[in-house]
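The following block contains the structure, expressed as structure tokens.
The values are calculated or read from the model by the stated rules, or taken from the named source; none is laboratory data. Because the structure is predicted, anything quoted here is derived from the model rather than measured. Cβ: placed from backbone, ideal geometry, glycine included. Neighbour counts: every protein chain shown.
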Amino acid sequence: MASLRGNPLLSSSSILFLCLLSLLSSGTSTDTITSNSSLSGTSQKLTSAQGKFALGFYQPTNSSYWYIAIWYNTISVRTPVFIANRNAPVTDPATSQLTIGTDGNMVLINGSKTEVWSTNVTGINPSNKTQAVLDDNGNLVLSYVSNTSNVLWQSIDNPTDTWLPGGKLGLNKTTGMSQRLISWKSSADPAEGAIYGTVVCLISKMDILQVMERRRDQREARLLKESRGTLIAFRYDDLQYVTKNFSVKLGGGAFGSVYKGLLPDSTAIAVKRLDGFHQGEKQFRAEVSTIGTIQHVNLVRLIGFCSEASCRLLVYEYMPNSSLDTKLFNTRDALLNWTTRYQIALGTARGLAYLHEKCRDCIIHCDIKPENILLDDNLVPKVADFGLSKLLGRDFSRVLTTMRGTRGYLAPEWITGVPITPKADVFSYGMMLFEIISGHRNNSDQGDGKLSGSGFFPTFAARKLIEGDVQTLLDQKLNGEAPIEELESACKVACWCIQDDETTRPTMGQVVQILEGILEVNTPPMPMSLRVMGESPDYINFFSDMSSSASSKTRSTSAASSLVKNSS
């Protein structure tokens, strides 16, 4: 120390050197690794030039292993976008080292001095030094120091489970390698999982879906661009695996069958396999384009899809309590009490109101019925099956030429040819609400003489409603256990919803307000169509000509202003 004090210049230089050494050892960062440097321990990391991304040793939650990862540097929770050694973790970052090897590749060496991961590029010129640089787009690039434009390897061409801007998926014709995303095995294990895909949907700042597809089928690309959300692109063999080769069938319909599956993270799913390529394609387009990005507590959530060759499959959240019809009409199931029925009616109305009034484009479901109302663990209703739905503008000037829906729930507009509006869903909802109230199909005899003389429950219900006898309409299995105010409100809503003239029906938003008790509603008139059916029980075809609709329209127009009671 005496010699240092005796040489001020040496003393200053030594102190400066020691300070720099101290800073380096305490976690300073750069964006580059060279053959003369390395990265080790949890305090050292690479940071991109503008600080957007970082690279270092990363430990997932609830894991004892460490990985070389790239993550967002500007958010507090480390969110990795790339993991190098996902299948070969290390146990101690302090004794492990990321560096440039003697062959010019970037390598990860564990505490036993064993190489566990490498960029594995062949043909690197040994006379030229290489370096690895972390760019501000999250890409780690290996190149020659003397020629950085000659990219030897880059992380963006070797994605794990995240697709970053500028990356490409599918077959690289230059290298012959297939680039795809592969999910984590679990939240604590980034090793390759069972789900992978070559089609990824992301949202840009302009809310435009960017789609890259291996075969770049233009028709399918156009379809997927219509879906403005983030969905999982499943491979067909993945869905075969998670459904045990489609062995557990939940149900089926005109457009295909639904099977239960279980994802690697134990999430239960329902997989709809659409039948017939042409028809299946139409249903696939309809569902992806309508509910691909919509999230609402009363709408079933679309998790993902599969579009390979002629296969079209849709993956939804699993609903353990099946559909509403099984609870209403199946005597083997537990009886739904009135409170539950009322909440199902209200929740369904909220879901439809969201589709009609809150989405950018008005979505008309076109097939509301008990079979398309699914129930979760807590019997919360979820509107499902959007295979017939349509995206329409707000002027409702377009006339749909193909009839959509199910007999018994169809609005008269489908027959008369007037423009279809959300009021078509309102009509179907009203028909379904009658079934929720009675616990029986509208055209089935309840065994207590309620259909005598009409053959159709809504006709009987409208008559009793006008007479003030709503208690008669309640499902007899409930033994009269329902608040009379709620029962009367539900019956009035149902009858208003099935008015012949669509302009006199309430909106679904008004239905929600009425059922919530915010609005009071008057007693509706008897729809002309129900009066005709009451007089002629064998008259089953609704509105076979324009006259019945026109006459009901004349009658109902004056009723439009009396839907809601005057508070004054």
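Is there any pair linking a residue in segment 515-539 that is assigned by TED's automatic domain parsing to the domain that holds PRO412 to one that is modelled with pLDDT under 75 and among the charged types (D, E, K, R), with Cβ under 7 Å and at least six apart or on different chains, and which?
Filtered contacts from segment 515-539: GLU520/LYS565; VAL521/LYS565; ASN522/LYS565; PRO525/ARG555; MET528/ARG555.
Oh, and also: With the requirement that a residue be of a type in the set (S, T, N, Q) and surrounded by 16 or more Cβ atoms within 10 Å (Cβ to Cβ), what does segment 87-128 give you?
Result: SER96, GLN97, THR99, ASN105, ASN110, SER118, THR119.
List the number of the failed condition for SER310; all other conditions in (1) touching a Lys or Arg at 6+ places or on another chain (Cβ under 9 Å); (2) under 28 Å from GLY261 (Cα atoms) hold.
(1)
Out of the strands (runs of 3 or more DSSP E) lying entirely within segment 239-315, which hold 1 or more residues that are over 24 Å from ILE344 (Cα atoms) and modelled with pLDDT under 90?
256-262, 268-274, 302-308
Those residues that are polar (S, T, N, Q) and either closer than 18 Å to PHE329 by Cα or surrounded by 16 or more Cβ atoms within 10 Å (Cβ to Cβ) (or both), I need them from segment 452-471; list them, please.
Selection gives SER454, THR459.
Filter segment 312-324 down to residues that are out of contact with any Ser or Thr (no Cβ under 9 Å at 6 or more places or on another chain) and more than 12 Å from ASP238 (Cβ to Cβ), then give me how many there are.
So the count comes out to 8.
Could I ask something else about it? Report, by residue number, each residue of segment 58-68 that is outside any loop (DSSP other than H, G, I, E, B) and either in contact (Cβ under 8 Å) with a residue 40 or more places away in the chain or touching a helix residue (DSSP H, G or I) at 6+ places or on another chain (Cβ under 6 Å) (or both).
Passing the criteria: TYR67, ILE68.
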